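Let me begin by presenting the structure, written as structure tokens, before commenting on it.
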Amino acid sequence: MHKIGIVIYSALEGSGNSAVYRALMFAQELQRAGDDAVIVIGGGGSATAAALADPAPRMHPLLQSVRGQ
């Protein structure tokens, strides 16, 4: 088992949208493989955390799936 930290600094706009999606998907993939993956959201990503807390965005279920681990 590996311990991996993923840091998200991107906002949910433009190319940042795909960067956040890729980070969440990578965390999910690591967790399914049995690794300990932690997501840290900071800087410009703080608005991302607030936006993803709302159930409306399409990435909300993805965040919840990795958050529960």
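The values are calculated or read from the model by the stated rules, or taken from the named source; none is laboratory data. Just so it is clear, the model here is predicted, and its values are computed rather than measured. Every residue, glycine among them, receives a Cβ derived from its backbone with ideal geometry; neighbour counts consider all protein chains shown. Just so you know, the surface numbers come from the protein's heavy atoms only, side chains and all, with ligands and any DNA or RNA stripped out. Shrake-Rupley method; radii C 1.70, N 1.55, O 1.52, S 1.80 Å.
Annotations for the structure displayed:
- Within the chain, the trypsin sites (Lys or Arg not before Pro) that combine a DSSP coil assignment with at most 10 other C-beta atoms in a 10 angstrom radius are Arg58.
- The value given for the chain is a Kirkwood hydrodynamic radius of 12.0 Å, derived from the mean inverse Cα-Cα separation.
- Apolar share of the accessible surface for the chain: 54 percent from carbon plus sulfur atoms, 1.4 Å probe.
- Where the chain is the region considered: accessible area per residue in Å², 1.4 Å probe: 63 Å²
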